[in-house]
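Comments concern the structure below.
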Amino acid sequence: MVMRGFYGHTLANPLMLGTAGYPSPAILAEAFRASNAAVATVSLRRESAGGAGQDFWAMIRDLGIPVLPNTAGCHTVKEAVTTAHMAREVFDTPWVKLEVIGHTDSLQPDVFGLVEAARVLTEEGFQVFPYTTDDLIVAEKLLTAGCEVLMPWGAPIGSGLGLNNPYGLRAMRAEFPDVPLVVDAGIGLPSHAAQAMELGFDAVLLNTAVAQAGDPAKMAKAMAEAALAGQAAFVADPMEPRDMAEPSTPVIGKGFLE
Amino acid sequence: MVMRGFYGHTLANPLMLGTAGYPSPAILAEAFRASNAAVATVSLRRESAGGAGQDFWAMIRDLGIPVLPNTAGCHTVKEAVTTAHMAREVFDTPWVKLEVIGHTDSLQPDVFGLVEAARVLTEEGFQVFPYTTDDLIVAEKLLTAGCEVLMPWGAPIGSGLGLNNPYGLRAMRAEFPDVPLVVDAGIGLPSHAAQAMELGFDAVLLNTAVAQAGDPAKMAKAMAEAALAGQAAFVADPMEPRDMAEPSTPVIGKGFLE
Amino acid sequence: MVMRGFYGHTLANPLMLGTAGYPSPAILAEAFRASNAAVATVSLRRESAGGAGQDFWAMIRDLGIPVLPNTAGCHTVKEAVTTAHMAREVFDTPWVKLEVIGHTDSLQPDVFGLVEAARVLTEEGFQVFPYTTDDLIVAEKLLTAGCEVLMPWGAPIGSGLGLNNPYGLRAMRAEFPDVPLVVDAGIGLPSHAAQAMELGFDAVLLNTAVAQAGDPAKMAKAMAEAALAGQAAFVADPMEPRDMAEPSTPVIGKGFLE
Amino acid sequence: MVMRGFYGHTLANPLMLGTAGYPSPAILAEAFRASNAAVATVSLRRESAGGAGQDFWAMIRDLGIPVLPNTAGCHTVKEAVTTAHMAREVFDTPWVKLEVIGHTDSLQPDVFGLVEAARVLTEEGFQVFPYTTDDLIVAEKLLTAGCEVLMPWGAPIGSGLGLNNPYGLRAMRAEFPDVPLVVDAGIGLPSHAAQAMELGFDAVLLNTAVAQAGDPAKMAKAMAEAALAGQAAFVADPMEPRDMAEPSTPVIGKGFLE
Amino acid sequence: MKIILNGEPRDVTASRLSDLMEELGFAGAKVATAVNEDFVPAGARAQTKLAEGDRLEVLAPMQGG
Amino acid sequence: MKIILNGEPRDVTASRLSDLMEELGFAGAKVATAVNEDFVPAGARAQTKLAEGDRLEVLAPMQGG
Amino acid sequence: MKIILNGEPRDVTASRLSDLMEELGFAGAKVATAVNEDFVPAGARAQTKLAEGDRLEVLAPMQGG
Amino acid sequence: MKIILNGEPRDVTASRLSDLMEELGFAGAKVATAVNEDFVPAGARAQTKLAEGDRLEVLAPMQGG
């Protein structure tokens, strides 16, 4: 199996997990331990007098895994670029999950701003993880802009709908055989995560489905296992589905008993 | 989580694995070890002069897990009942995976013969695992006949198409909350196995998808992990899918940078 | 195109329409006129002192199309058979839409009672239209019992979910090339009706989707047109879907303009 | 029902039909007559010595319906703009179906070139029908560029796969309630056309599914009827699909016969 | 005598079903009859006598799906 | 005498099933037997005699799904 | 002189596009023209001169999807 | 002087950003700063002076998806 590196970094496992919306920091930490997630996505927000951000950071640091800061909520190139710079200083990493949001309801990426911001940030030495759509031309432009990873959405952020357009994701995999691909957003169940990996993707990035589950730690672990299972299936060369059924028990040699 | 017993037996994990069509006995054994499958399905066939069946049996016995003999290929009640008796003597178990095939191409069960054979066998002390459809009335009759497990198909045997009618399987789960349910046949990928368990099923039974994979052991393990992941997700109380997207990163507190 | 007859009767068009649950008798009549439905399904109910049934009958008779009395709500063979006899006397037709309901919520047919009732009624000279599932073995038994039409459900009655298992319906069409097949129940939109006919079915039977639409007459007409369109498409030999794109506008001869 | 105009022009019916790949000019003309298509899409290609284009034009002109020239095969803004100008002169219409192809296999539009070309052409007085994706942000930019119509693909051109992502198309309809929307490309069957219209779209544009059908005229008519049926259903306010079934025949008043 | 008409208790005079149908106002109506859950064809009503407590069903055409 | 063993004609000497199993080399094998489509438990083989033309099935464990 | 007509080399006499169209038999035809990848409207053909090696595209209505 | 700190009006004394961070209790905190929507790296805070009405953003690590 080709292990595609993420800017030279090989993921410990194919799960990237978000840190938002958990019932408590303790449960968040438990979810990460249980799932052995390879990456933790984080953001920057206004620091409170109480220094809430400092406590959060201490907790994340203790997870001992790479952090991927996002530019969530940014609607312009300038805003995203500035946020990326601040994140690089705070988190001390060249990685950035680049979000340039074009639509407030669906949180669909603005692919125009995305490509421009990706170009700017790459030139400034960032390693960009672009949150994008399954548009192959946009993908091509992101690669030309210097991205070495693509993260198409499966469905709108927080929807849990799964893969709305498996055809598009399959086409993306076929088009860019050497590029690490991550399904980012939309995954609601382990079967969705498995399906993404069965398509040959390199990882899944999710948050809401874990944070809002009744038992986030259990769900996080389930997501990680399903992603690994889907990955293994892809490597194991699955059977071709057949339209007509065939017996799996050989009929030859069957006794005559009627 | 309710652990529904199979005639008093609790499965070590939610995977029942078939023993047909592997490239070699060694690979079969490897697939069972790798997946830690809880049950092995087997059949009875005419013994050859060379005693092929004896070697096969030695290998299966070494797996050290419960065997579930099937009545594969039987098209009549009498044939299925006789086969079950012979299997009970040979395998020394009251368990029988009851197949009364009604359609040679699709291997669709004959639900009429199935219910009748289930009644007869139950009276004769068998513990019947009926391979059936998602028909709720047939299911009711099988339970009345004494079955304590139901095994509806997901898709035709050997098709690998997955769950052709998730609605019907979901209805079955809702209708029989206390009955152990197994999706038997049709599963081609780990995501299918996960989906079945996410519906609240108690196990999956598969064979072709593992035996015909390029790497059966790897696929077997993937199927087991996906089934466990789906089961865990069901227990963890998944989020409700949402038609409209929501941000998973809280926008409150976002910096003003444009 | 093979025009499969319904007990020797050729349908004027592939729509059978129910008469239940309309806002008013006037709207019901309008829906039938607008759709030019070929058959009207009716039932028998206790006559009121006021003679409500007499008025209903006058209205239906004026539609001037064949009526298909059902045995809706019958849960036993005896009840269904008796109802069929009463219907034959009242409606003066050998046709009966045979429903033997096995499950009160889903209104799933009891295929055991169905086959038995079909046998009895056929022997007594009825022409049975059995409301059944997509079970091929049940279908075979219904034909053996004397049925010359099969009416599998698409989804539970009144659900409007469409075709829950197109695979099963397709298999049914392939298995019984000479038998008139009708998708009865579950159709909620014209696209569902078209899909059923594209599978090669001979008609669709629906009620709720029309009666409960905001504009029943408009919806009835839409259903009829979609059914006809699907039927025409099946006859017109549709293209095979392709996994990859193909230019429809010829590339050859394109001017060189860059 | 809101009849959304196409640059002030109201379509006679919701079908736009392509003119490519028919077995013969006679069959093409028959398909247009049979379907009463509202618009004919055409292209520009190098004229032969024999003047093949002149004959083609005579035949199209005789259809007596508006023509929509495309820029099929153009991969750059300049090429598309030049082609549009030449088309405007030849076909004497401000309408242009703007295609800027970004991907040779999938014929996926290059949304960057598309928006730029749309801006240029609008400024030069064209009325642009952009062949685009279901990307809401691209759609917004196309409208800002002056487009008053959007034509998202359902699936790759010539694939006949139908609507690969109904969710995205539904979101587009919800986002732009006042903009005429056309599903362009991917439609292979009447049920696909009906589904697009049931989503509230204003028309469908197709070609291959008709031209490559065994009987193009019959298929063209079927597509038109299905589109009209889907449109009518949308207007008629369809029932909500229900997860649990309900009887469509009222049980009240049922006779007691068992 | 008392019978059960369409599930409701009812005091009636006539015992012959044909007369009873008259009495109940169903003369000439488009209805089918069953007594004690058995179908009684119109032609057999004249020879059919009801007894105290018998259950009579009188069914008419109604909407159906 | 001639019997049908697992679908194939076969000349055999023993008529008692238990002896026949020995003769056929199935002694002690993990197999189940049926004569003329009826199951014969191992314990009943000694009392079971086969006649000319009888059909004997000897089934053993084999792969199954 | 030699030009490229619709991608093919071609020997032509006329240099004014309007005359050239006559020479090429496109007089009055429903076609649009481009020279060296730039659109030349019909009205501008008379003022448009072609030189050795110019690329002329003459496009006509054709089937399209 | 009055500035806007994270969107809220705030009276402050120090004008040099580094001093101001002390004054605001952010000394040594894991935060990044932006003045009037431009990023100010930690190393540049000492040379950065704020004026009346300037907008200061002080951002810290927080949960994200």
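The values are calculated or read from the model by the stated rules, or taken from the named source; none is laboratory data. Not measured: the values here are computed from a predicted model. Don't worry about glycine lacking a Cβ; one is built from the backbone with ideal geometry, like all the others, and counts go over all protein chains shown.
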* Residue list for segment C:200-239, filter: more than 21 Å from the chain's Cα centre (by Cα) and either among the aliphatic types (A, V, I, L, M) or more than 7 Å from every other protein chain (Cβ to nearest Cβ) (or both) -> C:Ala236, C:Met239
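Look at B:Gly168 and say whether it is part of a helix (DSSP H, G or I), within 7 Å of another protein chain (Cβ to nearest Cβ), within 18 Å of the chain's Cα centre (by Cα) and farther than 25 Å from C:Pro166 by Cα. Let's see the steps before the verdict.
On the way: part of a helix (DSSP H, G or I): yes; within 7 Å of another protein chain (Cβ to nearest Cβ): yes; within 18 Å of the chain's Cα centre (by Cα): yes; farther than 25 Å from C:Pro166 by Cα: no.
Considered against the rule, which asks whether it is part of a helix (DSSP H, G or I), within 7 Å of another protein chain (Cβ to nearest Cβ), within 18 Å of the chain's Cα centre (by Cα) and farther than 25 Å from C:Pro166 by Cα, B:Gly168 comes out as no.
Among the listed residues D:Gly125, D:Gly188, D:Gly230, identify the single one that is part of a loop (DSSP other than H, G, I, E, B), buried (at least 24 other Cβ atoms within 10 Å of the Cβ) and of a type in the set (Gly, Ala, Ser).
D:Gly188
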* To do: Considering (1) surrounded by 21 or more Cβ atoms within 10 Å (Cβ to Cβ); (2) assigned to a loop (DSSP other than H, G, I, E, B), say which one A:Asp178 fails and leave the rest.
  => (1)
* Residue list for segment C:133-150, filter: within 12 Å of another protein chain (Cβ to nearest Cβ) and either in a strand (DSSP E or B) or hydroxyl-bearing (Ser, Thr, Tyr) (or both) -> C:Thr133, C:Thr144
* **Selection within segment B:111-164 - more than 18 Å from the chain's Cα centre (by Cα) and of a type in the set (Asp, Glu)** => B:Glu116, B:Glu123, B:Glu124, B:Glu140
* Asked: Within segment D:107-116, is even one residue more than 14 Å from chain C (Cβ to nearest Cβ), outside any helix (DSSP H, G or I) and either more than 29 Å from A:Leu107 (Cα to Cα) or touching a strand residue (DSSP E or B) at 6+ places or on another chain (Cβ under 7 Å) (or both)?
  -> no
* Hey, could you check segment B:158-170 for residues that are in contact with a His (Cβ under 9 Å, 6 or more places away or on another chain) and crowded, with 23+ Cβ neighbours inside 10 Å and say which is modelled with the highest pLDDT? => B:Leu163
* Which residue pairs have Cβ atoms under 8 Å apart, sit 6 or more places apart or on different chains, and have a first residue in segment G:45-65 that is within 14 Å of chain D (Cβ to nearest Cβ) and a second that is in a loop (DSSP other than H, G, I, E, B) and of a type in the set (Asp, Glu)? -> G:Arg55/G:Glu37; G:Glu57/G:Glu37; G:Val58/D:Glu47; G:Leu59/D:Glu47; G:Ala60/D:Glu47
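What strands (runs of 3 or more DSSP E), lying completely within chain E, carry at least 3 residues that are surrounded by 13 or more Cβ atoms within 10 Å (Cβ to Cβ)? Step through it out loud before you land on a result.
Details: elements: E:2-5, E:8-11, E:32-35, E:38-40, E:55-63.
Result: E:2-5, E:32-35, E:38-40, E:55-63.
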* To do: Taking only segment B:83-106 into account, find how many residues are within 9 Å of another protein chain (Cβ to nearest Cβ), over 21 Å from C:Asp134 (Cα atoms) and free of Cβ contacts under 8 Å to residues at least 24 places away in the same chain.
  => 1
* Structure fact -> Only one of (1) surrounded by fewer than 24 Cβ atoms within 10 Å (Cβ to Cβ); (2) farther than 15 Å from B:Val42 by Cβ does not apply to B:Ala118, and that is (1)
* If B:Lys254 passes every condition in (1) at the interface with another protein chain (Cβ under 7 Å from one of its Cβ atoms); (2) under 27 Å from B:Ile101 (Cβ atoms) but one, which one does it miss? -> (2)
* Here is a list of conditions, (1) crowded, with 22+ Cβ neighbours inside 10 Å; (2) touching a strand residue (DSSP E or B) at 6+ places or on another chain (Cβ under 6 Å); (3) within 27 Å of C:Thr132 (Cβ to Cβ), and C:Gly53 meets all of them except one; can you say which number that is? -> (3)
* Asked: Considering only residues of segment D:119-139 that are without any contact (Cβ under 8 Å) to a residue 24 or more places away in the chain and touching a helix residue (DSSP H, G or I) at 6+ places or on another chain (Cβ under 9 Å), which is farthest from A:Pro156 (Cα to Cα)?
  -> D:Thr132
* Structure fact -> Going through (1) crowded, with 24+ Cβ neighbours inside 10 Å; (2) charged (D, E, K, R); (3) modelled with pLDDT under 95 one by one, C:Asp135 fails only at (3)
* Lone unmet requirement of (1) more than 7 Å from chain E (Cβ to nearest Cβ); (2) crowded, with 24+ Cβ neighbours inside 10 Å; (3) of a type in the set (S, T, N, Q) for C:Thr41 -> (1)
* Asked: Is it true that some residue in segment B:181-192 is facing chain A (nearest Cβ under 8 Å), over 18 Å from the mean Cα position of the chain (by Cα) and in contact (Cβ under 8 Å) with a residue 12 or more places away in the chain?
  -> no
* Structure fact -> If we ask which residues in segment C:200-216 are closer than 13 Å to C:Gly21 by Cα and either among the aliphatic types (A, V, I, L, M) or part of a helix (DSSP H, G or I) (or both), their number turns out to be 7
* To do: Please indicate, with yes or no, whether at least one residue in segment C:68-82 is at the interface with chain E (Cβ under 9 Å from one of its Cβ atoms), surrounded by fewer than 21 Cβ atoms within 10 Å (Cβ to Cβ) and out of contact with any Gly (no Cβ under 8 Å at 6 or more places or on another chain).
  => yes
* To do: Could you tell me whether segment G:3-26 includes any residue that is touching a helix residue (DSSP H, G or I) at 6+ places or on another chain (Cβ under 7 Å), modelled with pLDDT under 95 and closer than 24 Å to D:Val67 by Cβ?
  => no
* **Selection within segment B:1-37 - crowded, with 21+ Cβ neighbours inside 10 Å, more than 12 Å from every other protein chain (Cβ to nearest Cβ) and closer than 24 Å to B:Arg173 by Cα** => B:Phe6, B:Pro14, B:Ala37
* **Residues satisfying the stated conditions in segment G:1-13, i.e. closer than 24 Å to D:Arg45 by Cβ and of a type outside the set (Lys, Arg)** => G:Ile3, G:Ile4, G:Leu5, G:Asn6, G:Gly7, G:Glu8, G:Pro9, G:Asp11, G:Val12
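Going through segment E:15-36 one residue at a time, which ones are more than 9 Å from every other protein chain (Cβ to nearest Cβ) and either touching a residue at least 12 places away in the same chain (Cβ under 8 Å) or touching a Gly at 6+ places or on another chain (Cβ under 9 Å) (or both)?
In the first step, residues of segment E:15-36 are kept if they are more than 9 Å from every other protein chain (Cβ to nearest Cβ); the result is E:15-23, E:27-28, E:35-36.
Result: E:Ser15, E:Arg16, E:Leu17, E:Ser18, E:Leu20, E:Met21, E:Val35, E:Asn36.
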* Asked: Which of (1) within 14 Å of chain B (Cβ to nearest Cβ); (2) modelled with pLDDT of 95 or more is the odd one out, the single condition A:Glu123 does not satisfy?
  -> (1)
* Structure fact -> With criteria (1) over 22 Å from C:Glu116 (Cβ atoms); (2) out of contact with any helix residue (DSSP H, G or I) (no Cβ under 6 Å at 6 or more places or on another chain), C:Gly21 comes up short on (2)
* Hand me the list of strands (runs of 3 or more DSSP E) wholly inside segment B:1-99 holding 2 or more residues that are more than 21 Å from the chain's Cα centre (by Cα). => B:39-46
